[in-house]
């Protein structure tokens with residue numbers, strides 16, 4: 001058992017949620033209070049209704065997500081939103097969300113863990129966004145074909161590849177999630193191969209015109225790393241049980 005307040009304080013400190021910018025709907029930190037004692041922690045990418053149902057059924061005390069309860073902004077608390085809030089409240093299950101602070105964390109972040117999993121041993125931060133660096137870049141070596149195979153293994157999902165750049169992977173940039181629309185700015189930073197989750201339709205044709213390889217590895221698939229790492233760290237530090245609730249969107 002561990003105190004919820006202690007865990008939340010630790011997460012806020014590790015992730016620097018107070019100082020890292022984000023989208024308005026992210027509301028990083030504790031989004032829903034729960035019982036004071038925590039024995040079971042779960043991790044998921046989205047605070048969706050199916051995830052909350054599974055979390056409550058599993059008897060979780062704390063659910064950690066990447067995309068929180070209010071991602072779509074203010075809306076009437078009816079239908080599915082009402083159901084998942086009521087389920088969590090009745091079960092006294094706390095929900096903690098962390099978006100950009102988790103993407104960019106140097107050890108537990110989605111970018112860092114994906115980069116590590118594909119052999120990018122040495123990286124540096126790149127891509128300016130609201131006063132922070134949003135991604136990582138490095139030179140893992142090898143061909144584009146070899147890199148695609150590594151990414152596919154890492155994310156355990158089918159990829160969509162725009163092979164418009166050099167046959168060698170070259171300088172590789174990683175920004176997990178939905179950063180495909182930043183292809184022009186990424187190319188301007190000299191990236192040969194860009195790994196992200198998804199992008200708008202025009203990002204593919206733009207990459208062809210720019211001569212940049214793009215690996216679209218899935219928004220969901222590229223963002224499972226951070227929440228899993230957080231849950232594992234809490235299990236080790238506080239002696240709580242931990243699990244991952246897998247609900248892929250296919251996007």
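List of remarks:
- Failed item in (1) farther than 30 Å from residue 42 by Cβ; (2) in contact with a helix residue (DSSP H, G or I) (Cβ under 9 Å, 6 or more places away or on another chain); (3) surrounded by fewer than 15 Cβ atoms within 10 Å (Cβ to Cβ), with residue 209 passing the rest: (2)
- Residue match in region 42-53 (condition: under 22 Å from residue 15 (Cα atoms) and not in a strand (DSSP E or B)): yes
- Residue selected from region 120-138 under the condition out of contact with any strand residue (DSSP E or B) (no Cβ under 7 Å at 6 or more places or on another chain) and modelled with pLDDT of 95 or more, by the criterion nearest to residue 169 (Cα to Cα): 128
- Residues of region 146-159 satisfying the condition of being out of contact with any helix residue (DSSP H, G or I) (no Cβ under 7 Å at 6 or more places or on another chain) and surrounded by 13 or more Cβ atoms within 10 Å (Cβ to Cβ): 146, 147, 148, 149, 150, 151, 152
- The lone exception for residue 65 - which of (1) touching a helix residue (DSSP H, G or I) at 6+ places or on another chain (Cβ under 7 Å); (2) assigned to a loop (DSSP other than H, G, I, E, B); (3) touching a residue at least 24 places away in the same chain (Cβ under 8 Å) it fails: (2)
- Unmet requirement for residue 191, which otherwise passes all of (1) closer than 19 Å to residue 102 by Cβ; (2) assigned to a loop (DSSP other than H, G, I, E, B); (3) assigned by TED's automatic domain parsing to the domain that holds residue 116: (1)
- Region 224-251, residues that are more than 16 Å from residue 37 (Cβ to Cβ) and in a loop (DSSP other than H, G, I, E, B): 224, 245, 246, 247, 248, 249, 250, 251
- Strands (runs of 3 or more DSSP E) (entirely within region 113-167) containing at least 2 residues that are touching a residue at least 40 places away in the same chain (Cβ under 8 Å) and over 18 Å from the mean Cα position of the chain (by Cα): 160-163
- The residues listed here are 83, 107; of these, the one that is more than 16 Å from residue 40 (Cα to Cα) and in a helix (DSSP H, G or I) is 83.
- Put simply, of 26, 43, 2 the only residue that is more than 17 Å from the chain's Cα centre (by Cα) and modelled with pLDDT of 95 or more is 2.
- Residues satisfying the stated conditions in region 7-36, i.e. touching a residue at least 12 places away in the same chain (Cβ under 8 Å) and assigned to a helix (DSSP H, G or I): 7, 8, 10, 11, 12, 14, 15, 24, 25, 26
The values are calculated or read from the model by the stated rules, or taken from the named source; none is laboratory data. Everything quoted here is computed from the prediction, not taken from an experiment. We place every Cβ from the backbone using ideal geometry, glycine too, and count neighbours over all the protein chains shown.
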